[in-house]
Amino acid sequence: MPTKRLPSKPSLEHLKHQAKDLVKAHKARDLEAIQRIREFHPRFGKLTDSVISEAKFSLSDAQLAIAREYGFSSWARLKAHVEKPRRDDLNLHKHERIQNPVFRQAVDLLDAGDADGLSAHLKNHPGLVRKRVTFEGDNYFTKPTLLEFIAENPSRRGTLPQNIVQIARLILDASAASDQSSLDSTLALVSSSSVARECGAQVALIDLLCDYGADPNCALPALLYAEFEAVDALIRRGAKIDLSVAAATGRVDDVRALLSAANDEERQRALGLCAQHGYVEIAQLLLDAGADPNRYSPVGGHSHATPLHQAALAGHEDVARLLVERGARGDIKDIHYNATPLEWADYAGRTNTAEYLRAQERTNT
């Protein structure tokens with residue numbers, strides 16, 4: 001789920017009220033509140049709606065969830081930022097917020113494609129590739145290593161140097177490959193990076209990272225952002241075709257083979273993905289297997305929205321019709337933008353899908 005952005009002059013009192021409202025919404029068993037709690041409170045991440053609604057949820061729990069919803073690790077960190085903002089303005093690009101001058105110089109050399117300069121810099125600072133910088137205000141790329149900057153994801157400059165594969169190899173050879181979590185995170189970032197694809201470097205970087213030991217089973221971010229060339233490359237490098245991969249890429253026979261062993265979360269994630277990418281036959285199979293057309297997608301996917309939101313945004317009218325026929329409600333609002341599937345269709349200019357949803361809205365009033 002996307003994190004919220006703080007206003008330019010945030011109010012601590014307003015944030016406290018948000019926490020109190022979340023406690024009240026939890027007591028009322030509000031489904032939107034339950035999904036937010038599942039996403040942003042680490043104690044509830046794998047629990048069902050019913051378990052979360054029955055669990056004790058204190059004001060301090062709500063404050064932690066609110067803080068993480070804004071991309072801060074704790075209420076204390078959020079409070080400190082509001083009361084005394086740091087000079088690394090959240091509106092600046094990530095490289096502009098780096099406080100460590102040695103790390104910042106390495107990123108600047110990377111961005112410039114200066115392989116010789118970066119090589120000399122890393123030799124002068126041999127521990128640099130194992131260091132991390134901390135960013136607040138987002139839900140990913142929060143503690144990246146230098147290697148993770150090769151993905152240009154999130155986009156900072158909108159481009160990559162032509163020799164980015166050489167730059168990446170240089171960093172890997174400087175012992176970055178020994179950090180498995182960084183290696184795997186970088187592969188996921190590259191695989192979901194539109195900039196890496198547009199620069200013609202995505203597949204080459206995927207191959208390089210896999211050559212150095214990155215785990216290719218990281219296709220979900222690429223599926224969510226329709227980076228299917230990257231998905232194909234990951235499969236070629238050994239990624240397994242799980243239910244999410246099969247549902248998002250239209251592999252009907254694989255979906256049939258995988259359904260019986262799938263759990264509720266896997267089926268629900270697959271339903272959101274096939275709705276997003278327009279596979280009506282797969283949506284039918286998943287609904288028949290018990291996937292809920294009115295549930296928000298699980299954490300790790302587009303968890304702020306329902307399958308009908310995804311079908312509406314992409315203009316997949318046949319999937320939208322199927323979901324509605326199977327009980328999908330048009331009045332459920334997404335968590336981030338507070339909009340219905342019809343409003344998503346209107347925003348995206350999906351005229352036919354919007355007309356269908358609008359007709360359903362009139363029928364139900």
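Read-outs throughout are calculated quantities, based only on the coordinates presented, and are distinct from any laboratory measurement. Just so you know, these numbers come straight off a predicted model, no measurement behind them. Glycine also receives a Cβ, built like all others from the backbone with ideal geometry; neighbour counts cover every protein chain displayed.
Residues Lys16, Lys27, arranged from fewest to most other Cβ atoms within 10 angstrom of their Cβ, appear as Lys27, Lys16. Fewest neighbouring Cβ atoms within 10 Å first, the residues Asp116, Asp108 line up as Asp116, Asp108. A compact globular protein would have a Cα radius of gyration near 2.2 N^0.38 Å; the ratio found for segment 94-239 is 0.96.
Straight-line cross-link reach from Lys20 at under 17 Å between alpha-carbon atoms covers these aspartates and glutamates, not counting any fewer than eight positions away in the same chain: Asp30, Glu32, Asp61, Glu69. Each peptide in 295-307, 348-360, 202-214 receives the mean, over its residues, of other Cβ atoms within 10 Å, and ordering these scores from highest gives 295-307, 202-214, 348-360. Dividing the helix sum by the residues of the chain, where each DSSP H run of 4 or more adds -39500 (n - 2.57), gives a mean residue ellipticity at 222 nm of -16000 deg cm²/dmol.
For the residue pairs Lys27/Lys84; Lys4/Lys333; Lys94/Lys131; Lys16/Lys94; Lys16/Lys56; Lys4/Lys143, alpha carbon separations beyond 22 Å are given by Lys27/Lys84; Lys16/Lys94.
Shape verdict for segment 244-363, please, from the Cα gyration tensor: rounded (a/c under 1.5), prolate (a/b greater than b/c) or oblate. Prolate shape, in that a/c is at least 1.5 and a/b is the bigger ratio.
Just Asp215, Asp242, Asp30 to compare: in a GNM of the chain, with alpha carbon springs under 10 Å, which one fluctuates most? Per the Cα network of the chain with a 10 Å cutoff, Asp30 tops the list.
Seen against the Cα atoms of the chain and their longest principal axis, helix 264-277 is set at about 80 degrees.
Here the relative contact order of the chain, from alpha carbon pairs under 8 Å that lie six or more residues apart, stands at 11 percent.
The reciprocal of the average 1/r between distinct C-alpha atoms defines the Kirkwood hydrodynamic radius, which for the chain equals 22.1 Å. Residue by residue, segment 203-215 carries 3J(HN,Hα) couplings of 5, 4, 5, 4, 4, 4, 5, 5, 4, 8, x, 5, 7 Hz when phi is fed to the Karplus relation 6.51 cos²θ - 1.76 cosθ + 1.60 (θ = phi - 60°); x denotes Gly or Pro. Over segment 94-239, Cα pairs under 8 Å with separation of 6+ residues give a relative contact order of 19 percent.
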